[in-house]
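Asks: The structure that follows is given in the form of structure tokens.
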Amino acid sequence: MDEARMIRRGLGPRLWLAGGWLLLALLAAIFAPLVAPQDPLAQDLMLERLPPFWMSGAEPGYWLGTDSLGRDLLSRLIFGGRIAFVVAFAAAFAACLVGSTLGLIAGYFGGWADRIISRIVDIWMAFPPVLFAILLVAVLGTGLSSVIIAIAVIDWTRFCRVIRAETMGQSRMDYVENARIAGYGRIGIMLREVLPNVVPSIVALLSLEMGIAVIVEAILSFVNLSISTDDPTWGGIIAEGRLSIHQAWWVLVFPLITLILTVLSFSQFGEALRARFDPVLR
Amino acid sequence: MSATCLEIRNLSAVLANGQRVLRSVSLAVEPGEVRALVGESGAGKTMIGKAVLGVLPLSVRIVEGDMLLEGENLGRLSPKARRTLIGTRTALIPQDPLTALNPSRRIGPQMTDRLVRILGWNGERADQRIRQLLEEVQIRDPDRVLKSYPHELSGGMRQRVLIAAAFAAEPRLIVADEPTTALDVTVQKQILRLIAQLQREHGTAILFVTHDLGVVAKISQKVSVLYAGKVVEEAETAALFAAPQHPYTRALMAATPRYTDPLASLKPVDEAVLAGLAAEIAAADRAWRPRHG
């Protein structure tokens, strides 16, 4: 009872607000064709640069206004969310799988395995990540899968480093020694004894990484290196909004708010989840 | 089989930099016997326990000597056979009950796991066995304890759980590595009594590592006094306390605080004794050449 109260008081609002926003955005993205008030690609030059609903001159049905081609901003944001979430989940899981596995191996086995993996991570992290991403997409060609691969290839090091350190700390604990005395195999100890203790960190990082993936995807679409220019992406909308900031500020501001809220929610959600998962904090 | 439970012959170990940490240690533990290993911090007593259990840190290397567990020479077995032998015949009661239990797993599965996976028992038999042992270590609400995570139990409870776990698989030898050091004084006494009681009932041999001569007197039949990785004196416990032979042992006893006058009785070990020991060890090290290594 005490524990339950503690969670609700300490982490409650964060978890609920962050989770609520993510759920809302995710549902909107999944059911985009149903919930979007307009066709995100439909241009209408009679309706260009309509302001959001509370300003004079707004049209009903165009809640957040329109861009310079008369496309409905809210619908574009909702459809843009589809790409953002697909990239966030796929890229974060791929990076997590590669990074956590290597981190676990490096941290648990130590010695040569650790030296080799750690050196690779050091070299990898010497590249500026955004440049690296642009380079990768330029080589792989634009498209959804290239963006996902690029993000995973760049960001697995983030998981690797943290999980390696956590695993090393856990491996020094007496319970691991006890398992060795009992005669469990090394891989068995790594997976059954050590892994559950680093899962809270993996979950927190995973959520954080989803936020990062959303940003990277936005950056790539901002520089027009993401996917085909027809589909609306948050980064793409921001890039367009930047051009008409003096005539229609909302085209820049609303996608920015959406992006910031989403990334912030991912990181807060990760923190809250970590606290829930961690038996010692719980 | 009435083979000696544990026999260590002439065991020497060095660190990566060549410094010796164990100096030709020999000792034997007979079945059902409690052998205390006493010495100050860094004397190598924990190292001996770890060597027996096969969990020496990577930086420590055994350069000579043999360890025989129930007559089987551990050094001659394949790594797999050695792991199986150690896993089925020995157990550890660790120093720190905080870190010796996996924080993310409930006590129940953690305890039965070993019986099921190493000894091949079925789940029900393992569960019954664990409950019986929890009763023996005087845990009154086994259901709650089995369902708990380690952090939900007090230090004393955790140590009881670990003692129960150590005895559960009926090992022939238990290495108890300062099992009371991390506990507060009132709990120490109960835990010590519990270990002694279970040891008697199960007839398990114990290699009891401690720095506390009071504990030695209470629990052990025989003592090895260690200094700088070298056994300086070995005797029956009663004989050792009645008439310590080695000057270091005498100095160690003199350094034990007494309740009647705690401050005045807190004496460090005499400098002259330590200087003598250092000279003795230096001379031995000069003469020493590992036979294979």
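The values are calculated or read from the model by the stated rules, or taken from the named source; none is laboratory data. Just so it is clear, the model here is predicted, and its values are computed rather than measured. Methodologically, a virtual Cβ is constructed for each residue, glycine included, from the backbone with ideal geometry; neighbour enumeration extends over all protein chains shown.
Asks: Against the condition closer than 30 Å to A:V130 by Cβ and either within 23 Å of the chain's Cα centre (by Cα) or facing chain B (nearest Cβ under 10 Å) (or both), how does A:L195 come out, does it pass?
Replies: no
Asks: Of the residues in the range B:7-59, how many are more than 14 Å from chain A (Cβ to nearest Cβ) and outside any loop (DSSP other than H, G, I, E, B)?
Replies: Summing the residues that are more than 14 Å from chain A (Cβ to nearest Cβ) and outside any loop (DSSP other than H, G, I, E, B) in the range B:7-59 gives 26.
Asks: Out of B:D184, B:D177, I need the residue that is at pLDDT below 95 and over 30 Å from B:A242 (Cβ atoms). Which one?
Replies: Only one candidate qualifies: B:D184.
Asks: Okay, next question. Please find, within the range A:177-191, the residue that is farthest from A:V162 (Cα to Cα) out of those that are under 36 Å from the mean Cα position of the chain (by Cα) and touching a residue at least 12 places away in the same chain (Cβ under 8 Å).
Replies: A:R186
Here is a yes/no grid of residues against (1) aliphatic (A, V, I, L, M); (2) modelled with pLDDT of 90 or more:
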site	(1), (2)
B:V116	yes, yes
B:G120	no, no
B:I130	yes, yes
B:E135	no, yes
B:V145	yes, yes
B:P150	no, yes
B:S154	no, yes
B:P171	no, yes
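Asks: For the range A:32-48: of the residues being within 16 Å of A:R82 (Cα to Cα) and of a type in the set (A, V, I, L, M), which is surrounded by the fewest Cβ atoms within 10 Å (Cβ to Cβ)?
Replies: A:L34
Asks: Do we find that A:V87 is at pLDDT below 95 and closer than 30 Å to A:L206 by Cα in this structure?
Replies: When the stated conditions are applied, A:V87 passes them.
Asks: Do you know which residues across the range B:138-172 are part of a loop (DSSP other than H, G, I, E, B) and within 23 Å of B:A81 (Cα to Cα)?
Replies: If the condition is that a residue be part of a loop (DSSP other than H, G, I, E, B) and within 23 Å of B:A81 (Cα to Cα), then B:A169, B:E170, B:P171, B:R172 are the ones that fit.
Asks: Would you point out which residue out of A:A179, A:A106, A:A150, A:A133 is crowded, with 22+ Cβ neighbours inside 10 Å, touching a helix residue (DSSP H, G or I) at 6+ places or on another chain (Cβ under 8 Å), hydrophobic (A, V, I, L, M, F, W, C) and within 14 Å of another protein chain (Cβ to nearest Cβ)?
Replies: A:A179
Asks: Tally the residues that are in a helix (DSSP H, G or I) and either under 15 Å from the mean Cα position of the chain (by Cα) or touching a residue at least 60 places away in the same chain (Cβ under 8 Å) (or both), restricting the search to the range A:130-156.
Replies: So the count comes out to 16.
Asks: Report yes if some residue within the range B:148-169 is of a type in the set (D, E, K, R), more than 14 Å from chain A (Cβ to nearest Cβ) and crowded, with 16+ Cβ neighbours inside 10 Å; otherwise report no.
Replies: yes
Asks: Still on this structure, I have one more. Please go through the range B:1-28 and pick out each residue that is of a type in the set (S, T, N, Q) and surrounded by fewer than 15 Cβ atoms within 10 Å (Cβ to Cβ).
Replies: B:S2, B:N10, B:N17, B:Q19, B:S26 - these are the residues of the range B:1-28 that are of a type in the set (S, T, N, Q) and surrounded by fewer than 15 Cβ atoms within 10 Å (Cβ to Cβ).
Listed here are the residues, each with its yes/no results for (1) facing chain A (nearest Cβ under 8 Å); (2) touching a Lys or Arg at 6+ places or on another chain (Cβ under 7 Å).
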residue	(1), (2)
B:D66	no, yes
B:L74	no, yes
B:L77	no, no
B:T88	yes, no
B:T99	yes, no
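Asks: With the structure loaded, tell me whether A:W16 is at pLDDT 90 or above and either assigned to a helix (DSSP H, G or I) or β-branched (V, I, T) (or both) or whether it fails that test.
Replies: no
Asks: If you check A:S201 against the conditions, is it within 19 Å of the chain's Cα centre (by Cα), within 14 Å of chain B (Cβ to nearest Cβ) and of a type in the set (S, T, Y)?
Replies: Yes.
Asks: Now a separate question. Scan the range B:105-137 for residues that are out of contact with any Lys or Arg (no Cβ under 7 Å at 6 or more places or on another chain), assigned to a loop (DSSP other than H, G, I, E, B) and either away from chain A (no Cβ under 14 Å) or closer than 25 Å to B:E178 by Cα (or both) and jot them down.
Replies: B:R105, B:N122
Asks: Another one. With respect to the numbered conditions (1) part of a helix (DSSP H, G or I); (2) buried (at least 21 other Cβ atoms within 10 Å of the Cβ), which one is the sole condition not fulfilled by B:S224?
Replies: (1)
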